[in-house]
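The values are calculated or read from the model by the stated rules, or taken from the named source; none is laboratory data. Owing to the predicted nature of the structure, the values given are computational and were not obtained by experimental measurement. When we count neighbours, we look across all protein chains shown, and the Cβ atoms used for this are built from the backbone with ideal geometry, even at glycine.
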Amino acid sequence: MAGQMEKTATKRKARPPWTPMDNWEWTRHQNLSLERKKAMVLEKKRNQFSKHIPSTQATRNPPLRKDTSTERDKRSRRVEASISGKKLNLYLDTLEVPAHLDALSLDVSLSIGTTPPAYRVQGLPLALFLPILITIKHSIKEKLFTKTRTISGTNTDQYYLKNQDPSLPRGEAVYQDWRKSTLLDRCTVCAIDSLAWSILEALPDVTNPEDWSVEVGFLCNRKVGGEVHQTLHLDVPEAENFGEKMLLPYIVHIPLCTEGMALQVVSANGENNPPNFRYYSFGEAAVLRADCWHGGCYGTKGNIRMRIYLSHKRFPEDRGNENLRHKRCGLPDQTAWPPASGILKLSQDADVKISRSLRPNWYRNRLVSTMKGPEFLSLDLLSNV
């Protein structure tokens, strides 16, 4: 009798694998699996350069960029492939001369070593960027977003998409999923998710994008003449002394206006004086590992930057409570720095000169040549808000 009961006992269903899409129906997982199998047949496997290069050949300082016609053509082809969605154009941006990941002869220890990496995406895929730009900029212009907080020591307001549901009580909204925001349509949600996934796929430290979650928001300068040299900080205080570097979060900053954006980027120990003032043109993105000291806040009134926060499921943190860790000792002397109001232009001139950044209005012109109808241009989504 006991044996018969054992045979008839129902087996416990296996728990489905963890996914950042925690509210999916199971049929969506099945559809995703089928689509990925098709993609494996249609696309070549992404190059895993770190596994095929002997460690003795690793170098942290590749040769200086040769500005020959061949090199210019190569850079142009990479940008074109990126904006068309074929392959994201990612550079290691902490070097004196930026180096494309495909051109580096090094193993994965470069990106997870003692120097926190900062990357640059040149040429965001238009098919993903356009829905994001249209939805977010239009909602901002219509004043549909509610400010989450003002960043201390700056004239910049921060907005989280995860607390933009007015039907939720204040305080509960901070724990909601950004994909449930009433201000995002399904097209925009898919575009943001796909852009985050593309960045994760391109990062050499990331082995499985499914192990990562996404949070989304944006920053906006609210004051005329409000540019400041923000104190260097880490967005994630736990990141500085965290041992497993491959689990550290990444913070992605994307300018949403043709003015572009500028950041202080200090990779090593936050004591560079002056720091690297990096300019990011419209159509580019800064991808900073969470232990990379950085700061702003530059750009004129209405300068908008999108912020995507990528975190591994095994990284211990309180996702409902983000607190900046400002640098308190070894701070650079700002008295010799150019005024904050001039940083955007100065960094733009310097970075465009060595082709670190896209030329002004290059991406804007490509975008406008794609969106030819009057509806898009009449919305005035390219300028500051």
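State which residue is surrounded by the fewest Cβ atoms within 10 Å (Cβ to Cβ) when the search covers only segment 327-369 and only residues that are touching a His at 6+ places or on another chain (Cβ under 7 Å) and not aliphatic (A, V, I, L, M). Step through it out loud before you land on a result.
Residues of segment 327-369 touching a His at 6+ places or on another chain (Cβ under 7 Å): 327, 334, 337, 340.
Restricting the remaining residues to those that are not aliphatic (A, V, I, L, M) gives 327, 334, 337.
Values: K327: 17, Q334: 13, W337: 16.
So the residue we want is Q334.
Could you grab me the full set of residues in segment 345-368 that are touching a strand residue (DSSP E or B) at 6+ places or on another chain (Cβ under 9 Å) and either within 15 Å of P274 (Cα to Cα) or aromatic (F, W, Y) (or both)?
L346, S347, A350, Y363
Can you report the number of residues in segment 206-234 which are in a loop (DSSP other than H, G, I, E, B) and either surrounded by fewer than 19 Cβ atoms within 10 Å (Cβ to Cβ) or β-branched (V, I, T) (or both)? Full working, then the answer.
Here is the first cut: in segment 206-234, the residues in a loop (DSSP other than H, G, I, E, B) are 206-208, 222-232.
Subset that is either surrounded by fewer than 19 Cβ atoms within 10 Å (Cβ to Cβ) or β-branched (V, I, T) (or both): 206-208, 222-226, 228, 231.
Adding up the residues that qualify gives 10.
Need the failing condition index for L346 against (1) touching a Gly at 6+ places or on another chain (Cβ under 9 Å); (2) at pLDDT 90 or above, just the number.
(1)
Just for segment 288-301: of the residues that are in contact with a Leu (Cβ under 7 Å, 6 or more places away or on another chain) and in a strand (DSSP E or B), which one is farthest from T115 (Cα to Cα)?
Once the filter is applied, the top-ranked residue is G295.
Out of segment 146-186, which residues are of a type in the set (F, W, Y) and either modelled with pLDDT of 60 or more or touching an Asp or Glu at 6+ places or on another chain (Cβ under 8 Å) (or both)?
Y159, Y160, W178
Tell me which residues, restricted to segment 331-381, are in contact with a Leu (Cβ under 8 Å, 6 or more places away or on another chain), part of a loop (DSSP other than H, G, I, E, B) and among the hydrophobic types (A, V, I, L, M, F, W, C).
Listed by number, the residues that qualify are L331, M371, L381.
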